[in-house]
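Okay, structure first, notes after.
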Amino acid sequence: MSLEGLDHVALAVNDLDGALRVFRDLLGFEYLGRETVEDMKVETAFLEVGSFHLELVRPSAEDSPVTGFLKKRGEGLHHIALKTTDIEGMLEKLRSAGVKVIDPAPRTGARGKRIAFLHPSSCHGMLVELCEEAG
Ligand code: CO
C-alpha cells in the first residue's frame, strides 16, 4: 500500500459559477481552472488554499452520476480523493479483501490524473477516489 495523503475534497454543486463566487471571490481560494470530464459527464473546477485542494463538481449531462446524487441528497460533500503512487496495487489489494470498487481499473480523471472510485457501501458511507499522478 502506498497512500500518500489527501489530494482533494469534492463538493457537488448545482451552480458552478455561484460556488466560485463563494469559494474564490469571497473566501479567497486561488482558482486553478475548470474542465469537462466527458466520460464522467461532469464539469469540474479546482481551487487551492495552502495545501488544500477543493474540487467543485457539476453535472454536464442529465444522465451524469452527479445528477442523481444532487437529486437525492442535494449539494454537499461528494467525495474525498486520496493520493497514491500505486493505484493498481491498491485496487488489487482492496478488491481481493472484498472492497467494492466502482472502477476496477484506473481511468483518466480531471487534471489528467489516473483515478478509481471505491464504492461508499464499502467505505462506511464515503465515496473515495484514489488518484495517482500520470507518469
Ligand atoms: Co475528485
Number of the condition not met by Tyr31 [criteria: (1) assigned to a strand (DSSP E or B); (2) within 16 Å of the ligand (Cβ to nearest atom); (3) on the phi < 0 side of the Ramachandran plot] = (2)
Residue pairs meeting the criteria (Cβ under 7 Å; at least 6 apart or on separate chains; first farther than 14 Å from Gly112 by Cα, in the range 20-46; second open to solvent by 50 Å² or more (accessible area, probe 1.4 Å) and assigned to a helix (DSSP H, G or I)) | Tyr31/Arg24
Mind checking which residues of the range 104-126 are touching a residue at least 12 places away in the same chain (Cβ under 8 Å) and either of a type in the set (Val, Ile, Thr) or over 19 Å from Gly89 (Cα atoms) (or both)?
-> Thr108, Ala110, Arg111, Gly112, Ile115, Ser121, Met126
For the range 23-36, name all the residues that are exposed (fewer than 13 other Cβ atoms within 10 Å of the Cβ) and more than 16 Å from the chain's Cα centre (by Cα).
-> Asp25, Leu26, Leu27, Gly28, Glu30
Output the number of the condition that Val57 fails; it satisfies all remaining conditions of (1) closer than 14 Å to Gly112 by Cα; (2) under 11 Å from the mean Cα position of the chain (by Cα).
-> (1)
Tell me which residues, restricted to the range 1-22, are more than 15 Å from the ligand (Cβ to nearest atom) and open to solvent by less than 10 Å² (accessible area, probe 1.4 Å).
-> Leu20
Matching strands (runs of 3 or more DSSP E) fully within the range 37-135 where at least 3 residues are open to solvent by 30 Å² or more (accessible area, probe 1.4 Å) and within 12 Å of the ligand (Cβ to nearest atom) = 76-84
Which members of the range 87-99 meet the condition of being closer than 27 Å to Glu43 by Cβ and either of a type outside the set (Val, Ile, Thr) or in contact with a helix residue (DSSP H, G or I) (Cβ under 8 Å, 6 or more places away or on another chain) (or both)?
-> Leu91
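The values are calculated or read from the model by the stated rules, or taken from the named source; none is laboratory data. Worth saying up front: this structure is predicted, and the values here are computed from it rather than measured. In this analysis, Cβ positions are derived from the backbone assuming ideal geometry, glycine residues included, and neighbour counts consider all displayed protein chains. Calculation scope for accessible area: heavy atoms of the full protein, side chains included, ligands and nucleic acids excluded. Shrake-Rupley method; radii C 1.70, N 1.55, O 1.52, S 1.80 Å.
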